[in-house]
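Accompanying notes for the structure given below.
The values are calculated or read from the model by the stated rules, or taken from the named source; none is laboratory data. All of these numbers come straight from a predicted model, not from anything done at the bench. A quick note on method: Cβ atoms are made from the backbone with ideal geometry, for glycine too, and the neighbour counts reach across all protein chains shown.
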Amino acid sequence: MSSNEIIKIDVGKVLKDKAPNIIIPKFIVNYLRRIIHEKEFNQLFADNLNKKNLDFIEASLQMFNVTTGISGKENLPPSNGKYIFVSNHPLGGLDGLTIGLMLGREYSGKVKLITNDLLMNVEPLREMFVPVNKVGSQGKTHAETLQNFFDSEDHLPIFFEGRNSSFFYNLAKIRKFLRIKINIEMMFLPNEMFKQKGNHFTINIGKPIPWQTFDKSRNLSYWAQWVREITYKIKPA
């Protein structure tokens, strides 16, 4: 990336673009800047102008000073195949980056991450992301991209040990109880990421599930729930 392509988060500008006819008090804007960690992320982007994909993820994890252990690494399939890796998603950010880095290093950078399409704005990671629109209907391009992505041979469950703060989960429960459709707790994810600074995480890798397992005897919802249960059973006692 060149100097004129520096990514910069500007909370005030985003709010103005999204709600041009609403005057938002300065203290609210400053609060959002703080919980989103605008300053810290802008410094990350500025310090890593020429990095992208795995190198940028590694730089990001260094900023958070997190360490990772891997259990069951012998279960990883050989690098000459195509696979779908399934994992729980407890942290909403650091877990995806950590697993992405681990798999990327193991498979020579040949890894894609399914993610919210809003994150396609993170230019250094754009090449690694397969976008999914979680709010509106899926576009034809997204559907075709996913169809190509799911050309695989084995499914491999992974359990990531980690947890956000109680505040984050309670906020989500309150939002759902009040039937608020806007996922307001997502605004606090950057702050939750910074709460994890200096932590150690363990990635638990399960044994591959042959693709032949997923026959037509059950519907897709059943198989999705089945894989979910298998994934959580990997969690150490």
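In this structure, residue 38 qualifies as in the same structural domain as residue 6 (by TED's automatic domain parsing), without any contact (Cβ under 8 Å) to a residue 60 or more places away in the chain and of a type in the set (D, E, K, R). Among the residues in segment 27-44, are any surrounded by 16 or more Cβ atoms within 10 Å (Cβ to Cβ), out of contact with any Phe, Trp or Tyr (no Cβ under 6 Å at 6 or more places or on another chain) and polar (S, T, N, Q)? Scanning segment 27-44, I find no residue that is surrounded by 16 or more Cβ atoms within 10 Å (Cβ to Cβ), out of contact with any Phe, Trp or Tyr (no Cβ under 6 Å at 6 or more places or on another chain) and polar (S, T, N, Q), so the answer is no.
Looking at segment 28-41, can you tell me whether even one residue there is among the aromatic types (Phe, Trp, Tyr) and closer than 22 Å to residue 189 by Cα? Within segment 28-41 (the criterion being among the aromatic types (Phe, Trp, Tyr) and closer than 22 Å to residue 189 by Cα), the answer is yes, since at least one residue qualifies.
For residue 72, the test of being closer than 21 Å to residue 162 by Cβ and more than 21 Å from the chain's Cα centre (by Cα) is passed. Out of curiosity, is residue 44 outside the structural domain of residue 158 (by TED's automatic domain parsing), in a helix (DSSP H, G or I) and touching a helix residue (DSSP H, G or I) at 6+ places or on another chain (Cβ under 6 Å)? Answer is yes for this residue.
Of the residues making up segment 165-215, those that are β-branched (Val, Ile, Thr) and in contact (Cβ under 8 Å) with a residue 60 or more places away in the chain are 202, 203, 205. Looking at 100, 96, 81, just one residue is more than 27 Å from residue 190 (Cα to Cα) and either out of contact with any Lys or Arg (no Cβ under 7 Å at 6 or more places or on another chain) or at pLDDT 90 or above (or both), and that residue is 81. Taking the criterion of being in a loop (DSSP other than H, G, I, E, B) and under 30 Å from residue 209 (Cα atoms), would at least one residue in segment 20-30 satisfy it? The answer is no; no qualifying residue exists.
Give the number of residues within segment 149-181 that are at pLDDT 55 or above, of a type in the set (S, T, N, Q) and more than 20 Å from the chain's Cα centre (by Cα).
The number of residues fulfilling the criteria is 1.
Taking segment 74-114 as the range and being without any contact (Cβ under 8 Å) to a residue 40 or more places away in the chain and part of a loop (DSSP other than H, G, I, E, B) as the test, the residues that pass are 78, 79, 80, 107, 108, 110, 111, 112.
What residue, among those in segment 79-122 that are surrounded by fewer than 18 Cβ atoms within 10 Å (Cβ to Cβ) and hydroxyl-bearing (Ser, Thr, Tyr), is nearest to residue 165 (Cα to Cα)? This residue is 108. Selection of first residues in segment 56-73 that are assigned by TED's automatic domain parsing to the domain that holds residue 126 and under 14 Å from residue 102 (Cβ atoms) and of second residues that are part of a helix (DSSP H, G or I) and of a type in the set (S, T, N, Q), restricted to Cβ pairs under 6 Å at least 6 apart or on distinct chains, gives the following pairs, ordered by first then second residue: 68/98.
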